[in-house]
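Throughout, read-outs are computed from the coordinates displayed, never taken from laboratory work. Just so it is clear, the model here is predicted, and its values are computed rather than measured. Please note: Cβ atoms are built from the backbone with ideal geometry, for glycine as well, and neighbour counts cover all protein chains shown.
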Amino acid sequence: MFNFKLTKNKIIVFIINLVLFSIYIFPTGILNDYVSIPLDKLIFILGVLLVYILTIKKMSKSEILFLFFVFIFVILSGNIEYILFLSIPLLMKLIKYKKLIKYYLKRTPVLYICLIMTLIYSVIYNIGDGRMAYSAIREINQSGLAIFCLACLLIQKNIYLSLITFILGFLTLSRSYMLAVLCIIFFRLSFIKNFLKKFNLNIFNFVNLTILSSFILYMLGVIYIYQYKAGNIVDSTNLNSKLTLLDTSNLFRFFVIYVIISVYISNPAKIFVGITDNEYVNFLSKISNSTGIPYHYTVPHNLFFSHLKIYGIFAVIEIIYVSNILKKIVNEQNFGIYVAIALYSIILGAGLYSYWLYLTVFGLIVFDDNIKISEMLVHNKS
């Protein structure tokens, strides 16, 4: 058996390369057309399980207890996807070695391979719709997130390639990507950084952001129901919908938040095992009829509500663990990246889960120094 403490360097290198391979190199977008199983996530979790097996003698009681509960939830719910949560305790252990993670990421040539593969996939997936940048995953918003994180990882390795990668991300034409870049710029402004120093950044922890955003999303669901009944909602296919937020697209997006809360209020036992896809369709249909909202199948575009639907109460446990991980690495220097990724999870339901959580943490760790772009450009020239 391997000893975790003695082999932490090898484990860190293995996990970093596993994450980068799963997101940037493995042809997920191509294989998804032929295979229903998410092979990228399967490869990732098998790699994590391998680490657990090789370091089992050094696992703490809390880790073993967490893994035990994950398997209990798998059995009770019949949902194998719970296994993806097995990666959380390992990450909590790895972030103790931030310097080693940063050291490897600053020197590994694998990041260059990731950038090359991103360019290759951008050519392969280009279908002439104006979007010209993709990652291996192909889905455009996740591609934007992947490119954003890659640019952050490259910033201390090669500032020029980092800036080129940031520019490449704009070719996704993803509004979420543009918002993410604006977050970095805004929170790097000197007066904003000085303003943040007056606050304990812990008040912006992920649990608090999740509670606040969940309340807002639920209230928006209620408001949109009343607006629909008042005849103020415009069909999103109508040209006039571009001039208002009160369209059917937003109605359905916020209505599903209302539906999920309503389901758990009326069926509290479901909170322990989550809602299956078939059950969700039935509940959505019934609540649509009872509220007078047209039936339209939509899933939550929010990470917490998406997982609350699938995993029930385990989604709350997940948010607490994720928040504890992020609290250990978020500071004034990388706060903009943290806000950007948090918005991805709140608005799109992407990031902060499975290998995305690892990638986010790596990006935050690399970006946690007082990086001055102008000085780095001069240094790279010399």
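Between the DSSP loop rule and a limit of at most 12 other Cβ atoms within 10 Å, which chymotrypsin sites (Phe, Trp or Tyr not before Pro) in region 10-64 are left?
Loop-located and lightly packed - Y34.
At what distance in nm do the modelled label points of Y295 and Y97 sit from each other, each positioned 7 Å from its Cα along Cα→Cβ?
Placing both labels 7 Å beyond Cα along the Cβ direction yields 5.3 nm.
DSSP loop chymotrypsin sites (Phe, Trp or Tyr not before Pro) in region 274-306 with at most 15 other Cβ atoms within 10 Å of their Cβ, which ones?
Y295, Y297
Could you give log10 I(q)/I(0) at q = 0.18, 0.20 Å⁻¹ for region 204-315, computed by the Debye formula over C-alpha point scatterers of equal weight, without solvent?
The Cα Debye sum returns log10 ratios of -0.91, -1.07.
I'd like the FRET efficiency for K57 and L163, computed as 1/(1 + (r/R0)^6) with the beta carbon distance as r and R0 of 51 Å, rounded to 0.05.
My answer for the efficiency is 0.65.
If you build the Cα gyration tensor of region 96-244 and take the root of 5 times each eigenvalue, what three semi-axes come out, in whole angstrom, biggest first?
34, 26, 14
Which length gain, in nm to one decimal place, applies between N331 and I75 when the Cα-Cα distance is subtracted from 0.36 nm times their residue separation?
Using 0.36 nm per residue and subtracting the Cα-Cα distance, I get 88.3 nm.
About its Cα centre, how strong a charge dipole does region 204-315 have in debye, to the nearest 20, once Lys and Arg get +1 and Asp and Glu get -1 at the Cβ?
Dipole size: approximately 100 debye.
K102: which aspartates and glutamates have alpha carbons under 17 Å from its alpha carbon, excluding same-chain residues fewer than 8 sequence positions away?
Excluding near neighbours in sequence, the set is D368, D369.
Rank these for me by crowding, C114, C183, C149, going from fewest to most other beta carbons within 10 Å.
Ascending number of Cβ neighbours within 10 Å: C183, C114, C149.
Using Cα centres only, tell me the gap between region 292-314 and region 83-127 in whole Å.
If we compute the Cα centre of each part, the gap is 29 Å.
How large is log10 I(q)/I(0) at q = 0.19 Å⁻¹ when the Debye formula is applied to the Cα atoms of region 8-197, each weighted equally and without solvent?
-1.31
Simple spin-label model, 7 Å along Cα-to-Cβ: K197 to L50 in nm?
Each label point lies 7 Å from its Cα, and together they span 4.6 nm.
Can you sort S162, S62 so the residue with the fewest Cβ neighbours within 10 Å comes first?
Fewest-to-most Cβ neighbours within 10 Å comes out as S62, S162.
Between L212 and I43, what length comes free when the chain is fully extended (0.36 nm per residue of separation minus the Cα-Cα distance, one decimal in nm)?
57.4 nm
List the residues, sorted by chain then number, that are 5 or more residues from V234 or on another chain and whose placed amide H is less than 5 Å from its amide H.
Residues meeting the criterion, in which the H sits 1.01 Å from N, are D247, T248.
Give me the mean projected area, in nm² to one decimal, of the convex hull enclosing the Cα positions of region 41-107.
5.2 nm²
Over all distinct Cα pairs, what is the inverse of the mean 1/r for the chain, reported as the Kirkwood hydrodynamic radius in Å?
The answer is 22.2 Å.
Once phi is turned into θ = phi - 60°, what whole-Hz ³J(HN,Hα) does the Karplus curve with 6.51, -1.76 and 1.60 give for every residue of region 18-23, x standing for Gly and Pro?
Calculated HN-Hα couplings, in order: 5, 5, 5, 5, 5, 9 Hz.
Could you please rank D277, D368, D40, placing first whichever residue has the fewest other Cβ atoms within 10 Å of its Cβ?
Starting with the residue having the fewest Cβ neighbours, the order is D277, D368, D40.
Where in region 47-84 does the amide nitrogen come within less than 17 Å of the point 7 Å from the Cα of T7, taken along Cα to Cβ?
47-60
Which angle from 0 to 90°, rounded to the nearest 10, does the C-alpha axis of helix 314-327 make with the longest principal axis of the chain?
40 degrees
Two decimals, Cα atoms only, Kirkwood Rh: what is Rg/Rh over region 107-173?
0.96
Within region 85-163, which trypsin sites (Lys or Arg not before Pro) sit in a loop by DSSP and count at most 15 neighbouring Cβ atoms inside 10 Å?
none
Round to the nearest 0.05 the FRET efficiency obtained for R175 and Y34 when R0 = 41 Å and r is the Cβ-Cβ distance.
Computed FRET efficiency for R175 and Y34 comes out at 0.85.
With the Cα gyration tensor of region 1-91 giving a ≥ b ≥ c as the square roots of its eigenvalues, does the rule (a/c under 1.5 for rounded; else a/b larger than b/c for prolate; else oblate) give rounded, prolate or oblate?
Since a/c reaches 1.5 but b/c is at least a/b, the shape of region 1-91 is classed as oblate.
Tell me, what HN-Hα J-couplings in whole Hz come from the Karplus equation 6.51 cos²θ - 1.76 cosθ + 1.60 at θ = phi - 60° for each residue of region 8-16, using x for Gly and Pro?
Coupling constants for region 8-16: 4, 4, 5, 5, 4, 4, 4, 5, 4 Hz.
At 7 Å along Cα-to-Cβ for each site, give me the label-to-label distance between S285 and I116 in nm.
Spacing of the two 7 Å Cα→Cβ label points: 5.2 nm.
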